[in-house]
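Just so it is clear, none of the values below were taken in a lab; they were calculated from the coordinates. None of the values given here were measured: they were computed from a predicted structure. FYI the Cβ positions are ideal-geometry reconstructions off the backbone, even for glycines, and counts take in every protein chain you see.
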DNA sequence: CGTTTTAGCGAGTGATTACTCACTTTTAAT
DNA sequence: ATTAAAAGTGAGTAATCACTCGCTAAAACG
């Protein structure tokens with residue numbers, strides 16, 4: 001963190017100013033909903049404000065009454081996801097794991113985590129699309145994403161891994177490599193399910209896929225009974 | 001494959017018409033180079049033809065002498081990657097593995113594959129950015145990508161996996177889950193190296209990271225010496 | 001050499017872009 | 001009921017968009 005975290009700070013500041021959805025006008029909620037839809041479908045740059053207005057059933061001027069620029073809409077869409085999504089993710093779920101790490105096996109913990117993450121992606125599909133898509137070119141968003149979500153999870157996971165290595169549940173491998181293995185499996189799980197292998201995935205249920213993934217993660221694919 | 005593969009067919013047709021880079025004018029090569037740069041940096045929609053012309057040191061009209069539309073430039077950029085990248089990948093590398101699959105251990109094969117893939121990503125970074133980015137919204141490109149790269153690799157890998165299971169080198173797990181594990185590890189390897197963990201990655205060399213990944217893939221992270 | 005073809009140009013095209021502003025309607029407070 | 005603020009409107013704006021066209025310069029061909 002050598003740079004001044006202008007964007008992250010700005011985001012948090014922006015989030016504080018964020019109105020609750022309940023205290024928005026209906027038109028304003030429509031604008032956001034339409035923006036999410038269009039941004040997710042065609043991307044930020046390919047969506048025009050006139051389209052958004054049309055989709056929201058609102059005059060184009062109304063958009064700029066609530067958001068001072070088009071980029072401002074993107075922030076209003078991205079910011080909540082980054083905090084509503086990242087913070088509860090890290091703080092609630094992973095921290096919960098931390099508290100009970102002695103009572104559960106590593107396999108149980110990871111299984112819960114994967115199940116939880118799949119549900120989360122399913123529930124926030126459009127927002128995640130936008131987030132990933134914009135993280136692709138906007139350094140600010142990518143750095144904010146890494147700084148908020150990734151680094152937080154990594155530190156917590158690393159402590160868990162090291163604790164489980166001490167207990168003897170995990171092999172004494174470099175922590176970073178173990179973390180990578182856990183995260184890679186999770187990404188692969190979601191990626192195959194959502195994008196790559198949508199047909200074939202139906203032959204196993206989600207829970208079966210998760211069980212298989214955890215098995216492979218812990219035991220590997222190699223045959224050691226030779 | 002229930003849909004008529006219009007885009008894939010169109011792509012292949014387009015590729016045949018593709019001029020060799022050597023028989024292009026210098027200006028035309030400049031246009032392509034500038035397009036790759038800008039598309040990778042800011043995305044297709046955010047890059048204007050006037051910018052491309054400026055970056056290429058060319059009049060805007062010259063662009064449309066060679067490419068009948070802006071989308072045509074994208075195809076001229078994407079198409080070669082999809083075939084130069086996908087075909088040699090599948091045909092040369094994986095097929096080579098196939099021929100010698102009895103002479104090598106699974107670990108050796110996967111190690112070579114990961115090494116090869118990292119080098120490939122390094123050499124084609126910008127093109128891959130564009131490809132992934134456009135695959136995000138353009139169903140056509142995503143389907144073409146899956147149909148060309150993914151399906152081909154999957155079928156070949158599956159045969160390899162099944163052969164190695166028969167020999168007793170791999171555990172008799174569902175093939176699809178094993179394939180997913182192999183691919184997930186590869187994606188994780190590249191993702192961490194290029195995006196997520198650029199700092200920490202330097203503490204191990206690429207080859208060390210690959211070795212760790214293959215070890216975990218085959219043996220898992222669980223401790224079985226208890 | 002003369003002629004045809006291709007490459008390159010840049011001003012100009014209508015359409016569309018994000019955004020403004022003068023104005024009306026709705027809401028809320030006194 | 002009066003008034004002030006906030007929400008909503010839609011025509012209008014300059015800028016930019018992808019793209020065209022009439023033109024010149026340079027190869028390519030016979």
In degrees from 0 to 90, rounded to the nearest 10, what is the angle of the helix B:151-167 Cα long axis to the longest principal axis of chain B?
-> 10 degrees
Chain lengthening between residue B:25 and residue B:132 when straightened (0.36 nm per residue, less Cα-Cα) = 35.7 nm
Residue B:147 paired with residue B:42, simple spin-label distance in nm, labels 7 Å along Cα-to-beta-carbon | 3.3 nm
From the label point of residue B:120, set 7 Å along Cα to the beta carbon, how far off in nm is each other copy's matching point, shortest first?
-> 3.1
Could I have the simple spin-label model distance between residue B:124 and residue B:68, label points 7 Å from Cα toward Cβ, reported in nm to one decimal?
-> 2.7 nm
Within 10 Å of each Cβ of A:154-166, how many other protein chain Cβ atoms are there on average?
-> 1
How many nanometers, to one decimal and shortest first, lie between the label point of residue A:55 and those of its other copies, if labels sit 7 Å from Cα toward Cβ?
-> 2.6
Everything considered on the Cα gyration tensor (a ≥ b ≥ c; rounded for a/c under 1.5, else prolate if a/b is larger than b/c, else oblate), the protein assembly as shown must be described as oblate
Shortest-first nm distances, residue A:42 label point to equivalent points in other copies (7 Å, Cα→Cβ) | 2.0
Once both axes come from the Cα atoms, what is the angle between helix B:26-42 and the longest principal axis of chain B, in degrees from 0 to 90, rounded to 10?
-> 60 degrees
Can you tell me the order of A:194-200, A:61-67 when each peptide is scored by its average per-residue count of other Cβ atoms within 10 angstrom, highest first?
-> A:61-67, A:194-200
